[in-house]
Structure formats: C-alpha cells, structure tokens
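Visitor: The structure that follows is given in the form of structure tokens.
The values are calculated or read from the model by the stated rules, or taken from the named source; none is laboratory data. Quick caveat, the model's predicted, so the values are computed rather than measured. Virtual Cβ from ideal backbone geometry, glycine too; neighbours counted across all protein chains shown.
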Amino acid sequence: MIGSVPPLRLMSPRERRRYWIGHWRLAVPALVTLALLLLMTAPVLLPMPVFPQLGLLGIFVWATFQPGLMPPWLAFLLGLVADMLFAQPLGVNATGFAVAALFVRSFEARYGHHAHRFDWAVATGVIAGSALLTWQLMALAGRPVPLLAMGWQVLTSALAYPPVVWLCGWVQRRAFGLRQ
Amino acid sequence: MRRDQNLALVSAVVSGAVIAFGLLLLLIGRVNPDAGQRMRGVLLDLVTPAWSVVRAPFDGVGRAIDWGGDYFGAVDRNRRLEGELAAAHAELQRAAADRLALVQLKRVARVRVPERTLIATVRIVSATSGSVVRTAMVSAGSSDGIKPGQPVIGAAGLIGRTLETGIGAARVLLLTDPASRVPVMVVRTGQSALAVGVNTPSLELQDRVGADVPLRVGDRLVTSGDGGVYPPGVPVGTIIRADGDPALVRPAATPVGAAFVNIEAAWLPLPAADTPATTLAPVPIEARRSGAKVPVAAPVIVPANP
C-alpha cells in the first residue's frame with residue numbers, strides 16, 4: 001500500500017491529509033473498545049460489580065479478529081483509560097488487558113482460529129483469569145478487594161460475549177469488508 | 001523470514017516492557033495514591049455530563065412508575081403512617097425534654113459543637129457497576145467547592161464520601177466499596193464499630209467495642225463522628241444478621257433511590273497538610289541520652305476512611 005503512493009514530500013497538503021485520513025481503519029478496534037469502556041460507566045445502579053467486563057471482551061474479540069490492530073501496548077493504553085474511568089489504581093486494568101491481549105495473540109498464533117463456541121469458552125476462561133489477576137493486582141496496589149463478589153461479573157461477562165462478538169463482527173464487516 | 005522473526009522478537013519485548021510498566025505503575029500508585037488524580041478528574045468531567053443527559057428519559061420513566069405505585073399503595077401506607085405517627089408523637093415529647101436537658105448540660109459544660117456545613121446539593125448521575133471499585137459520579141466538582149474527603153449524605157442516610165474531583169464532576173466512594181470504612185455507633189447499646197464495605201449489597205460490622213453484648217436484628221447504626229469526616233448521627237444502616245461474625249448491615253440509603261444528595265464539608269477540619277516533617281523511625285536510646293536534637297514523632301492522625 002505504501003509503495004503505490006508517491007512519497008509524502010511530493011504530495012500537496014490536501015493529498016497528504018487524505019492519505020493520512022485514509023488510514024482511519026487502523027483506529028477502529030481501539031475506538032470500538034473505548035466505546036465499550038465508556039458504556040461500562042452506564043448508570044446501572046446495582047450494589048455489586050455485575051456489569052459485564054465489556055472492555056476486556058472488546059480486547060479479546062479484536063485480538064482474534066484483527067491481531068495486528070490490537071497489540072498488547074494498545075490494550076495497555078486502553079486499560080489505563082479504564083483505570084481512570086473506574087477510579088482503580090493506575091495499572092490494574094492496564095496490566096490485565098495487556099496480559100489478556102498477549103495471551104490471545106500467542107494462543108491464536110499457536111492454535112489457529114476456532115469455532116464460535118470454543119472461542120466463547122476461551123473468553124470465559126480469560127475473563128475468570130483476569131478476575132483473579134485483578135484480585136491480586138488490587139492487593140498489590142494496597143487496596144485489596146474480596147474475590148467472591150467478582151463471580152457475578154464473570155458470569156455476566158460470559159453471557160455478554162455473543163452480543164459483543166456480534167457488534168464487533170458488524171463493525172468488522174462494515175470497516176474491513178468480508179475477509180478471512 | 002528473518003524480518004518476521006525480528007518483528008516477533010520486537011513485539012515480544014514491547015509486550016513484556018508494557019506489562020512491566022503496568023506493574024511499576026501499580027507500585028508507584030501504592031507509594032503515592034494521588035498519582036494521576038488530575039487525569040481522572042478530566043475524564044470525570046467528560047463522562048458525567050454525557051450520562052446525565054442520557055439518563056434523563058430513564059429518570060422520567062422511573063418517576064412515572066413511582067407515581068403509579070404511590071397512587072395504588074396510598075391507602076395502605078396512610079394507615080401504616082398513622083400508626084407510626086402516634087408512636088412518633090410520644091417519642092417526640094420525650095425527645096423535647098431530652099433536648100432541653102442537653103442544651104442546659106452543654107451550657108454548663110461549655111461544649112463546643114462543630115457545625116455541619118452544606119457545600120452542594122447534587123444529583124447522582126451514575127454509579128459504576130462494571131468495576132471492583134464501587135463509586136458513583138455526581139454532577140458538581142471543584143468549581144462548586146467540592147474536595148476529596150467530604151461526606152455525601154442522602155435523604156435516607158449516608159451514601160459515602162467524595163474521592164476525586166474534576167471541575168464540574170466528582171466521584172463518590174460508596175459505602176459498599178471495600179475501601180470504605182465508616183465509624184458507626186449502635187444506637188441501642190451505644191457501642192462504636194466500623195461499617196466496612198465488601199462489594200456486596202450489605203456491609204460488615206467490624207471491630208465492635210464490647211463484642212460480648214449481643215446485637216439484635218433491626219438494631220440501627222448511625223455515624224459516630226469519629227475520625228472527623230462524617231458528622232455524627234447520620235443513619236448508616238440496620239443490622240440484618242446479628243448472630244454471624246461479622247454481623248451484616250443493610251445500608252440505610254442506596255444510590256439507587258438517592259437522586260439528590262448533600263455534600264457537606266468534612267465535619268471536623270482535617271489537620272493542615274504542612275505539618276513539620278517528622279520521622280516515625282525509632283530513635284536509639286543513645287541518641288536521646290546524648291541530648292542531640294532528634295525529630296519528635298508527632299501523633300499521627302489517621303483519617304476515618306483511609
């Protein structure tokens with residue numbers, strides 16, 4: 001793609017702008033995940049953490065759909081935003097998301113693509129593992145939380161996986177076309 | 001092929017570095033919990049107005065449902081209220097006598113009672129339920145005089161305390177958060193204790209003074225005023241399980257119904273931040289005997305809700 005366009009210095013400012021704006025697709029996975037994170041701050045007034053971990057699900061789904069566009073460092077940055085949105089110590093979600101992205105990347109590289117139900121099971125495993133990691137990281141940050149109360153969130157997150165996949169699949173078809 | 005290998009290596013190194021950086025951030029956060037405060041404030045300012053617009057129609061629907069429920073339950077409630085009113089009248093007369101006695105006693109003893117200062121009355125915009133940290137967002141911030149560490153009180157009782165502030169929005173740490181510890185008093189027995197959040201709908205009652213006196217289901221808890229953040233006498237909750245250890249408390253107010261809350265100034269002014277530097281390290285007896293000038297460890301005042 002880069003080879004087919006003239007060098008940047010030979011472009012007019014307008015062409016240059018169009019060239020850069022033409023890369024908007026690279027930001028799609030990050031923006032969708034960011035939107036999911038913002039959705040998680042929705043006013044669901046329940047006295048327990050039960051809202052599904054949409055941000056983590058977004059990371060997982062995009063790491064399987066577009067591995068190149070959801071590298072661990074991007075997951076890290078999204079996790080920082082999540083930490084600030086949810087008033088958690090900086091680094092809890094950041095580390096958790098980055099580890100999840102890294103896990104998915106190496107898992108996919110080794111075992112290839114799967115059926116939907118298998119991915120669902122893996123996603124549930126990743127969410128449960130992430131809950132355990134969050135529990136440990138919160139303790140490391142000096143603000144320990146009880147573990148059992150997080151079980152509900154793991155459950156709702158597992159149930160929320162199909163809708164998130166549907167949403168990301170829809171965005172994927174619109175933005176990237178039918179591929180793979 | 002070679003290029004692929006190099007890329008894989010670079011990406012592995014970058015991933016490792018990123019995760020290490022995350023752990024480093026956690027350690028920094030442990031040493032300095034206020035890091036990143038300003039960034040959080042900015043995000044609060046961005047997110048809160050959006051949700052306050054989005055939730056408006058849902059509030060309308062909720063009010064309509066409430067109104068319908070009020071209409072149909074009015075007779076039953078009226079009868080119940082009449083019964084309660086009779087009991088309350090009797091209680092009120094006793095309380096008036098007590099109040100008179102209290103005024104006289106205070107005059108005799110020259111007690112100075114700090115005033116409660118209302119800073120803002122705001123509405124709870126949103127409470128995150130997607131995170132292990134239980135917080136709510138309110139639509140007023142530092143421009144309204146709100147600072148971290150101020151009590152947030154709803155009509156039915158205590159909601160929590162402010163945690164972070166942006167310019168036009170603030171975050172409230174709810175009673176159910178594991179970091180929340182409220183000094184309370186059992187009204188019936190006068191024992192002081194801590195109401196601790198555990199990320200479930202109910203709170204736990206811990207560190208009760210005089211644990212051999214049994215609690216009863218239905219015992220009411222109010223803030224004791226210890227620690228200086230929460231003013232005394234604000235309802236916190238009711239004991240719903242007394243036999244277990246720890247006892248369980250149902251909060252008096254939940255952010256679900258508390259559309260509007262009062263944010264007050266911290267009840268007792270916190271000690272000034274620029275106290276002289278002191279050390280808590282033990283000073284060897286020899287150094288003290290020699291008459292050298294050693295820094296004296298000042299009494300450490302721990303806030304009520306660390």
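Visitor: Here is a list of conditions, (1) more than 12 Å from chain A (Cβ to nearest Cβ); (2) surrounded by 15 or more Cβ atoms within 10 Å (Cβ to Cβ), and B:R134 meets all of them except one; can you say which number that is?
Guide: If we test B:R134 against (1) more than 12 Å from chain A (Cβ to nearest Cβ); (2) surrounded by 15 or more Cβ atoms within 10 Å (Cβ to Cβ), just (1) comes out false.
Visitor: Could you tell me which numbered condition B:L105 fails, if it satisfies all but one of (1) modelled with pLDDT of 90 or more; (2) part of a helix (DSSP H, G or I)?
Guide: B:L105 satisfies every listed condition except (1).
Visitor: For A:A100, work out the one condition from (1) modelled with pLDDT under 90; (2) closer than 21 Å to B:V10 by Cβ it doesn't fulfil.
Guide: (1)
Visitor: A further question on this structure: Identify, from the list B:L85, B:L9, B:L81, B:L43, the residue that is of a type outside the set (S, T, N, Q) and within 27 Å of the chain's Cα centre (by Cα).
Guide: When all the criteria are applied, what remains is B:L43.
Visitor: Test B:L26 against the stated conditions and say whether it is surrounded by 10 or more Cβ atoms within 10 Å (Cβ to Cβ) and either in contact with a strand residue (DSSP E or B) (Cβ under 7 Å, 6 or more places away or on another chain) or within 14 Å of chain A (Cβ to nearest Cβ) (or both).
Guide: The answer is yes for B:L26.
Visitor: Scan segment B:190-206 for residues that are assigned to a loop (DSSP other than H, G, I, E, B) and in contact with a Lys or Arg (Cβ under 9 Å, 6 or more places away or on another chain) and jot them down.
Guide: Answer for segment B:190-206, where residues must be assigned to a loop (DSSP other than H, G, I, E, B) and in contact with a Lys or Arg (Cβ under 9 Å, 6 or more places away or on another chain): B:Q191, B:N199, B:P201, B:S202.
Visitor: Additional query: Name the residue, out of B:A90, B:A64, that is more than 10 Å from every other protein chain (Cβ to nearest Cβ), aliphatic (A, V, I, L, M) and over 30 Å from A:V50 (Cα atoms).
Guide: B:A90
Visitor: Just to be sure, is B:R79 within 11 Å of chain A (Cβ to nearest Cβ) and either part of a helix (DSSP H, G or I) or among the small types (G, A, S) (or both)?
Guide: The answer is no for B:R79.
Visitor: Those residues that are away from chain A (no Cβ under 14 Å) and farther than 20 Å from B:V222 by Cβ, I need them from segment B:150-194; list them, please.
Guide: Matches in segment B:150-194: B:I167, B:G168.
Visitor: Scan segment A:139-157 for residues that are within 7 Å of chain B (Cβ to nearest Cβ) and either aromatic (F, W, Y) or part of a helix (DSSP H, G or I) (or both) and jot them down.
Guide: A:L140, A:A149, A:M150
Visitor: Now for a separate question. Kindly indicate which of A:F76, A:F103, A:F97 is part of a helix (DSSP H, G or I) and at the interface with chain B (Cβ under 8 Å from one of its Cβ atoms).
Guide: Going through A:F76, A:F103, A:F97 in turn, just one is part of a helix (DSSP H, G or I) and at the interface with chain B (Cβ under 8 Å from one of its Cβ atoms): A:F76.
Yes/no per residue for (1) more than 29 Å from B:L175 (Cα to Cα); (2) without any contact (Cβ under 8 Å) to a residue 24 or more places away in the chain:
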{"site": "B:D45", "(1), (2)": "no, no"}
{"site": "B:D59", "(1), (2)": "no, no"}
{"site": "B:W67", "(1), (2)": "no, yes"}
{"site": "B:V75", "(1), (2)": "yes, yes"}
{"site": "B:Q93", "(1), (2)": "yes, yes"}
{"site": "B:D98", "(1), (2)": "yes, yes"}
{"site": "B:L102", "(1), (2)": "yes, yes"}
{"site": "B:I124", "(1), (2)": "no, no"}
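Visitor: I need the full set of residues from segment B:29-41 which are more than 7 Å from chain A (Cβ to nearest Cβ) and not basic (K, R), in order please.
Guide: Selection gives B:V31, B:N32, B:P33, B:D34, B:Q37, B:G41.
Visitor: Scan segment A:81-98 and tell me whether some residue there is surrounded by fewer than 22 Cβ atoms within 10 Å (Cβ to Cβ) and either under 15 Å from A:S130 (Cα atoms) or under 13 Å from the mean Cα position of the chain (by Cα) (or both).
Guide: yes
Visitor: Another question, then. In segment A:48-73, what count of residues is obtained for those that are part of a helix (DSSP H, G or I), within 9 Å of chain B (Cβ to nearest Cβ) and within 14 Å of A:F86 (Cβ to Cβ)?
Guide: Number of matching residues: 2.
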